[in-house]
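Right, one structure below, let's go through it.
The values are calculated or read from the model by the stated rules, or taken from the named source; none is laboratory data. Small disclaimer: the values here were computed from a predicted structure and weren't measured. For neighbour counting, all protein chains shown are included, and Cβ atoms are generated from backbone atoms with ideal geometry for every residue, glycine included.
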Amino acid sequence: MFSGIIADVGIITRAVDREGGLRLSVEAEVLGMDDVQIGDSIAVNGVCLTVVTLSGREFTVDVSRETLSCTVGLAHQGAHVNLEKALRLSDRLGGHLVSGHVDGVGSVVAFNDIGESWRLVVRAPQSLAKYIAVKGSITINGVSLTVNHVAGAEFEVNLIPHTLDVTTLNELKTGAQVNLEIDLIARYVERMMQKEVQ
């Protein structure tokens, strides 16, 4: 589990094809790898991946073909990525509960400076729209954010300067694609409201 509070922006130093999937090497800048072990989980642009090798500030992860088919931002050498280590039970939960399982890919409709913050409007896949609520939580490329407005499948969040300084969201442009994870609670509420499963 993660919180959606980004600890570092890393860079993909290598992306090697592995039978349709990829082995990625990621270099962290300030993440602090001293307590990371092989087998640990690190969220990379909101995608929970398992560390398979470690060397100094660099770690490698394997990304399956299935994961590549339903996410964006993991396949390009030189790309900047948001990084977060998995939570410990004793950690503060500064964002919201994030599983690192991307639910879909959204498109940036608008991204503009409104003075003290930036307004980001994203169009989610229609299948996810019912899970996105005003004042609810959403994860965009691994970043925990609060939804301020919803209109159909489009939703709006505000980004303060600090968020832009410490994440890759400052690189977004209209038309860009982003990884989305809906609020974990919304997923379970829907399941509980369904008629008894046969």
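The set of residues in segment 64-114 being buried (at least 20 other Cβ atoms within 10 Å of the Cβ), among the β-branched types (Val, Ile, Thr) and under 27 Å from ASP35 (Cα atoms) consists of VAL81, VAL98, VAL102. Taking segment 164-194 as the range and being polar (S, T, N, Q) and under 17 Å from the mean Cα position of the chain (by Cα) as the test, the residues that pass are THR167, THR168, ASN170, GLN177, ASN179.
Taken over segment 155-194, the criterion of being β-branched (Val, Ile, Thr) and either outside the structural domain of TRP118 (by TED's automatic domain parsing) or free of Cβ contacts under 8 Å to residues at least 12 places away in the same chain (or both) is satisfied by VAL189 alone. Scan segment 126-145 and tell me whether some residue there is surrounded by 13 or more Cβ atoms within 10 Å (Cβ to Cβ), farther than 24 Å from MET192 by Cβ and of a type in the set (Val, Ile, Thr). Yes: one or more hits. When you check HIS149 against the structure, is it assigned to a helix (DSSP H, G or I) and either aliphatic (A, V, I, L, M) or farther than 22 Å from THR50 by Cβ (or both), yes or no? Here the answer is no, as HIS149 does not meet what is asked. None of VAL16, VAL26, VAL51 is over 13 Å from ASN82 (Cβ atoms) and either crowded, with 17+ Cβ neighbours inside 10 Å or in the same structural domain as HIS162 (by TED's automatic domain parsing) (or both) except VAL51.
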